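Each remark here refers to the structure printed beneath this line.
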Amino acid sequence: MDTTVFLHWLQGAMASSEQTTPKRIIRFHQQSEYRQFIKDWSELPDGKAALKAVKQMPIIRAISCRLPVEETLARFSTGVWIEDDRRITIHAATPKSLLSEKGIPWGVQHVKAPQAWGMTTGHRIKVGVIDTGVDFSHPDLRQSLSRGINLLNRSMLPHDDNGHGTHIAGTIAAANQMQGMIGIAPRAQIYPVKAFDHNGSAFVSDIILGIDWCVRNRVNIINMSFGMKTRSKALLTAITNAYNAGIIVVASSGNDGKRRSVDYPARYPQTISVGATTRLRRVAPFTNRGTHIDIYAPGDKIISSWLRGKYHEMSGTSMATSHVSGAIALLLAYKPGLSPADIKWILKRSTQPLRGGKVQRLTGELDIMRMLQAADR
């Protein structure tokens with residue numbers, strides 16, 4: 001492909017696009033062509049300024065920008081793949097406000113995290129939370145947070161303007177046992193990656209940028225408490241690259257109560273797909289389920305940290321996913337060097353049986369003590 005011709009065409013197409021023009025992801029077949037394209041663009045007289053309107057995604061040799069209908073890209077189809085840069089949403093129900101929370105939340109107790117703390121607390125394990133950001137001033141999270149990144153505004157810290165990311169971070173690694181709550185892995189480090197806006201919405205390209213950042217910053221685990229109904233090859237490529245780099249990607253199955261289907265990216269085999277359970281060890285009515293689920297974890301009426309130092313109760317497969325991410329942090333601190341495939345195998349063979357129908361026999365619920373014992377075998 002002639003990258004110079006493509007570059008000039010793209011400049012013209014972007015100049016005629018408007019705020020309502022759909023965003024698209026353009027992936028280059030060849031790494032060399034992607035690099036040449038970025039180099040040529042940056043060397044144009046106004047190239048650096050124009051590139052600000054484009055998201056560069058080196059992890060998948062791609063860019064994202066607003067472009068007219070893809071038919072206009074047909075003549076370049078031998079050199080690039082094109083897909084819509086779709087919206088993706090967080091997986092949680094409406095929160096219920098609480099004034100305070102003391103001690104160990106029921107989900108943390110239920111999966112037997114406290115019994116494991118004599119052996120492992122997740123010390124120094126890095127958990128990337130691609131979400132709405134985090135409340136840096138929350139007393140239960142202060143010891144557990146690294147700087148992270150704000151992909152919506154690079155000049156700012158990833159401050160949470162929604163609450164969902166703070167809730168996820170609390171279940172994974174809250175550490176304020178004396179006055180507040182404690183999470184699954186209280187010595188793990190949360191790396192907040194703000195890709196979602198205050199409405200809990202993000203573009204696939206922002207998620208990919210978040211994965212890229214996590215790979216470059218060598219996190220051990222990526223928590224993905226979000227999903228969409230449609231497949232994205234670009235997102236799959238980014239997740240595969242993270243998987244091949246040894247990063248464990250944990251994803252929520254979705255909250256539509258579907259019996260034979262889960263959302264993407266949880267549907268990809270390179271992730272650990274998580275469904276939600278209730279206090280009674282039953283599959284929660286709202287959770288998507290079926291053969292794509294790798295493990296279930298508490299996701300119903302989960303209390304965790306919230307904005308302005310508060311606490312909220314939330315339900316959703318998002319909450320279940322954060323329990324599993326915390327458990328994997330405990331496992332990695334206990335047995336360093338396990339691969340994503342090792343971890344999935346250990347989790348799946350160490351679950352507690354669920355109560356209820358036949359389908360639930362295919363997989364079970366997270367049990368941290370059984371998980372650690374399975375890792376020793």
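Derivation of every value follows stated rules applied to the coordinates shown; laboratory data play no part. Quick caveat, the model's predicted, so the values are computed rather than measured. With ideal geometry, Cβ positions are generated from the backbone for all residues, glycine too; neighbour counts draw on all protein chains shown.
Odds and ends about this structure:
- Cα-centred dipole magnitude for the chain, charges only on beta-carbon of K, R (+1) and D, E (-1), debye, nearest 20: 1200
- Order of GLU313, GLU365, GLU18 - criterion: other Cβ atoms within 10 Å of each residue's Cβ, fewest first: GLU18, GLU313, GLU365
- Reduced Cα scattering model of the chain, Debye log10 I(q)/I(0), q = 0.14 Å⁻¹: -1.08
- Structure-based [θ]222 nm, the chain - -39500 (n - 2.57) summed over DSSP H runs of at least 4, per residue, nearest 500: -9000 deg cm²/dmol
- Approximate spin-label separation ASP376-MET178, in nm, with each point projected 7 Å along Cα-to-Cβ: 3.2
- Segments 196-206, 228-238 sorted - mean Cβ within 10 Å per residue, highest first: 196-206, 228-238
- The slack between SER17 and ARG218, meaning 0.36 nm per residue of separation minus the straight C-alpha distance, is 68.7 nm.
- Rounded to whole Å, sorted largest first: equivalent-ellipsoid semi-axes of the stretch 297-367, Cα gyration tensor: 24, 20, 8
- Each Cα pair under 8 Å and six or more residues apart adds its sequence gap; the mean of these over the residue count of the chain is a relative contact order of 18 percent.
- According to the Kirkwood relation over distinct C-alpha pairs, the hydrodynamic radius of the stretch 181-243 is 13.1 Å.
- Legend: calculated FRET efficiency, ARG142 to LEU44, from the Cβ-Cβ distance at R0 = 56 Å, rounded to 0.05, equals 0.80.
- P(r) of the stretch 188-327 over all Cα-Cα pairs, binned every 10 Å from zero, in whole percent: 12, 43, 36, 9, 0
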